[in-house]
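Engineer: Pasting a structure below so you can have a look.
The values are calculated or read from the model by the stated rules, or taken from the named source; none is laboratory data. Remember, it's a predicted structure, so these values are computed and weren't measured experimentally. Ideal geometry is used to build each Cβ from the backbone, glycine not excepted, and the neighbour counts take in all protein chains shown. Note: areas computed on protein heavy atoms with side chains; ligands, DNA, RNA excluded. Shrake-Rupley method; radii C 1.70, N 1.55, O 1.52, S 1.80 Å.
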Amino acid sequence: MIDVTLESVSKRFARGGDTAAVDDVDITIAAGEFFTLLGPSGCGKTTTLRMVAGFYFPTSGRIRFGTEDVTRRPPNKRDTGMVFQNYALFPHMSVAQNVAYGLKIRKVNRAESRRRVEEALGQVHLAGYGERRIDELSGGQQQRVALARALVIRPKTLLLDEPLSNLDAKLREETRTEIRRIQKEAGTTGIYVTHDQAEAMAMSDRIAVMQSGRVQQIGTPQEIYHRPATSFVARFIGRSNVLTLPVLAATAETLTVGLPGGGEIVVPAPTDHGLSQGGTALVSVRPEHIGLTSTTDPGALPGRVVDLEFTGMATNLVVDTAGEQVQVAAVEVPAGIAVGDQVGLRLNRERMWVVRP
Ligand code: ATP
């Protein structure tokens with residue numbers, strides 16, 4: 001178990017044009033942490049993971065494992081276990097042979113190898129499957145074999161690149177809990193790549209949200225959800241309304257902003273908001289933090305329902321308020337509510353948050 005540090009890491013590819021695939025990334029991952037690189041396709045998360053694994057060397061910057069500089073060390077000298085999206089198992093070999101592969105390369109003797117393969121298969125709940133052929137296993141079981149193969153070398157870091165994307169939705173949910181259990185039990189530092197925000201939220205101790213090669217925010221799932229740093233993070237994690245509102249007054253930790261159609265509200269802001277009276281703020285508010293009331297509620301914003309969808313858990317509405325289309329997710333709605341109805345909106349100001357562009 002070891003901490004992993006990326007210092008000003010950039011990667012440019014020869015055929016990548018002017019833009020860096022990874023652009024000046026600083027990340028410190030604590031020993032034993034389950035850390036996720038999250039972002040849309042092409043944001044640079046796989047390239048970042050591959051630099052930690054040693055498959056790519058950074059164009060500039062440093063990577064450290066503990067105090068050791070591993071920036072230009074080859075992959076087989078890094079003590080990392082890697083699990084890929086397609087598992088990359090050898091189909092003609094047995095489960096045990098697949099798992100033993102890394103030990104064979106490291107010339108571990110046969111008795112020790114057998115013991116460690118059994119141990120690794122036990123860790124992933126596949127004890128007794130050693131003699132099976134890979135093609136006799138389900139997708140979920142193959143995924144566990146890939147995990148066992150990575151764990152058997154007792155890696156200091158376990159690197160996982162979208163390991164669940166070939167599984168169906170239900171199995172994906174079960175397996176994500178499993179992977180976290182296995183990582184914690186194995187006592188290794190886990191670095192996980194996904195574009196699925198729900199998966200990242202459910203599994204991670206902390207998440208780095210990436211966009212266009214840059215880290216937008218690093219934080220716990222709660223921090224990222226409730227206090228997104230940028231409008232991109234607010235919209236990428238769950239759903240959010242990002243309202244553009246005039247700043248009427250500012251303190252170190254709050255802004256007073258004008259609301260669409262009149263009225264004002266005091267909302268919490270990060271201390272480095274840099275905004276003052278006369279400026280314009282971007283304020284994030286999640287659909288579940290807006291309540292529906294009647295048009296006669298004096299504190300409410302008047303609006304008109306333009307779309308409505310019942311999902312079981314909540315009713316999703318789009319409400320037009322002074323030309324601004326606001327998404328609302330309400331657990332309770334008035335009986336018979338329909339498109340075209342006039343409603344009042346109550347914003348939960350405690351849950352609003354000022355974001356950067
Ligand atoms: P995905 O989820 O689609 O795998 P990602 O976030 O993992 O995306 P990367 O694979 O890291 O993104 O790619 C980041 C950027 O670098 C992309 O613009 C991609 O086209 C580019 N890129 C990646 N590998 C190479 C390469 N070997 N040569 C040139 N460009 C590359």
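Engineer: Roughly how many whole Å is it from the C-alpha centroid of region 3-42 to that of region 167-242?
Structural biologist: Centre-to-centre (Cα) distance: 15 Å.
Engineer: Please name whichever of ASN76, PRO40, THR28 sits farthest to the positive end of the charge dipole of region 11-102, dipole taken about the Cα centre and charges placed at Cβ: Lys and Arg +1, Asp and Glu -1.
Structural biologist: So the residue furthest toward the plus end is ASN76.
Engineer: Can you send over the solvent-accessible area of ASP341, 1.4 Å probe, protein chains only, in Å² to the nearest 10?
Structural biologist: Answer for ASP341: close to 60 Å² accessible.
Engineer: So, one more: May I ask you to order 89-96, 132-139 by the average number of other C-beta atoms within 10 Å around their residues, highest value first?
Structural biologist: Result, highest mean Cβ count within 10 Å first: 89-96, 132-139.
Engineer: Something else about it: Quick check: the distance between the Cα centres of region 311-357 and region 96-113, to the nearest angstrom?
Structural biologist: With region 311-357 and region 96-113 each reduced to a Cα centre, they are spaced 58 Å.
Engineer: Between ARG239 and VAL266, what's the calculated FRET efficiency when r is the beta-carbon distance and R0 is 22 Å? Round to 0.05.
Structural biologist: 0.40
Engineer: Let me ask something else. Given the protein chains as shown and a 1.4 Å probe, how many square angstrom of ASP79 are accessible, to the nearest 10?
Structural biologist: Per-residue accessible area (ASP79): approximately 60 Å².
Engineer: Next question, about the same structure. Could you list which residues have their amide H under 5 Å from that of SER204, counting only those 5 or more apart in sequence or on another chain, with H placed in the peptide plane?
Structural biologist: Here the answer is none, since no amide H 5 or more places off falls under 5 Å of that of SER204.
Engineer: Taking springs between alpha-carbon atoms closer than 10 angstrom, which of GLU119, GLU173, GLU332 fluctuates most in the Gaussian network model of the chain?
Structural biologist: Maximum among the listed residues: GLU332.
Engineer: Whenever you get a sec, line up MET210, MET313 from highest to lowest accessible area (probe 1.4 Å, protein heavy atoms).
Structural biologist: The most accessible residue leads, giving MET313, MET210.
Engineer: Oh, and also: Report the charge-dipole magnitude of region 166-247 in Debye, nearest 20, computed about the Cα centre from +1 at each Lys and Arg Cβ and -1 at each Asp and Glu Cβ.
Structural biologist: For region 166-247, the charge dipole is close to 240 debye.
Engineer: Still on this structure, please answer the following. Name the long-range amide H neighbours of THR230: under 5 Å, sequence gap of 5 or more, or other chain; modelled H, no Pro or chain starts.
Structural biologist: Here the answer is ARG356, since their amide H atoms fall under 5 Å of that of THR230.
Engineer: What figure in square angstrom, to the nearest 10, would you give for the accessible area of PHE310 with a 1.4 Å probe?
Structural biologist: Roll a 1.4 Å probe over it and PHE310 shows about 150 Å².
Engineer: Also: Send over the Kirkwood Rh of region 175-303, from the inverse of the averaged 1/r over different Cα pairs, rounded to one decimal Å.
Structural biologist: 17.1
Engineer: A follow-up question, please. Rounded to two decimals, what ratio of Rg to Rh does the chain give with C-alpha atoms and a Kirkwood Rh?
Structural biologist: Using only Cα positions, Rg/Rh for the chain is 1.07.
Engineer: For region 154-163, just list the computed ³J(HN,Hα) in residue order, Karplus coefficients 6.51, -1.76 and 1.60, θ = phi - 60°, integers in Hz, with x standing in for Gly and Pro.
Structural biologist: Once θ is set to phi - 60°, the couplings for region 154-163 become 6, x, 6, 10, 10, 10, 10, 10, 6, x Hz.
Engineer: Can I ask one more? Please give the per residue accessible area of region 76-120, computed with a probe of 1.4 Å over protein heavy atoms only, in Å².
Structural biologist: Here the residues of region 76-120 average 62 Å² of exposed surface.
Engineer: Could I ask something else about it? Size of the dipole of region 230-316 about the Cα centre, Lys and Arg at +1 and Asp and Glu at -1 on the beta carbon, nothing else charged, in debye to 20?
Structural biologist: I would put it at about 160 debye.
Engineer: What length, rounded to one decimal in nm, is gained on full extension from PHE13 through to THR280, with 0.36 nm per residue of separation minus their alpha-carbon distance?
Structural biologist: 92.3 nm
Engineer: Now for a different question. List residues of region 274-313, by number, whose backbone nitrogen lies under 14 Å from a label position 7 Å along Cα→C-beta of ARG346.
Structural biologist: Residues 289-302 fall inside that zone.
Engineer: Applying the Karplus parametrisation 6.51 cos²θ - 1.76 cosθ + 1.60 with θ = phi - 60° to the phi angles of region 322-327, what ³J(HN,Hα) value in whole Hz is obtained for each residue in order, glycine and proline being reported as x?
Structural biologist: Coupling constants for region 322-327: 6, x, 9, 8, 10, 8 Hz.
Engineer: Shifting gears a bit: Is any residue of region 139-178 close enough, with backbone N under 11 Å, to a label point placed 7 angstrom from the Cα of GLN85 along the Cα-Cβ axis, and if so, which?
Structural biologist: Counting backbone N atoms under 11 Å from the label point, the list is 161-166.
Engineer: Could you give the dipole magnitude of the chain about its Cα centre, charging the beta-carbon of Lys and Arg +1 and that of Asp and Glu -1, in debye to the nearest 20?
Structural biologist: 1880
Engineer: Oh, and also: Which listed residue (VAL257, ALA53, PHE232) has the Cα farthest towards the positive end of the charge dipole for the chain, taking +1 on Lys and Arg C-beta and -1 on Asp and Glu C-beta about the Cα centre?
Structural biologist: The one lying farthest along the dipole's positive direction is ALA53.
Engineer: Accessible area per residue of region 262-355 at 1.4 Å probe, in Å²?
Structural biologist: 52
Engineer: I would also like to ask the following. What part of the accessible area of the chain, given as a whole %, is carbon or sulfur when the probe is 1.4 angstrom?
Structural biologist: 49
Engineer: May I ask which residue of LEU282, SER165, HIS125 lies farthest towards the positive end of the charge dipole of the chain, with charges of +1 (Lys, Arg) and -1 (Asp, Glu) on Cβ and the Cα centre as origin?
Structural biologist: HIS125
Engineer: Return the distance in nm (one decimal) between the two label points of a simple spin-label model at ASP307 and ASP24, each offset 7 Å from Cα along Cα→Cβ.
Structural biologist: In this crude spin-label approximation the distance works out to 3.7 nm.
Engineer: How many nm separate the modelled label positions at THR296 and LYS184, each set 7 Å beyond the Cα in the direction of the Cβ?
Structural biologist: Here the answer is 5.2 nm between the modelled labels.
Engineer: Something else: Taking θ = phi - 60°, what integer Hz values does the Karplus form 6.51 cos²θ - 1.76 cosθ + 1.60 yield along region 264-270, in sequence order, with x for Gly and Pro?
Structural biologist: 9, 8, 9, 10, x, 9, x
Engineer: Average projected area of the Cα convex hull of region 119-180, in nm²?
Structural biologist: So the Cα hull casts an average projection of 4.4 nm².
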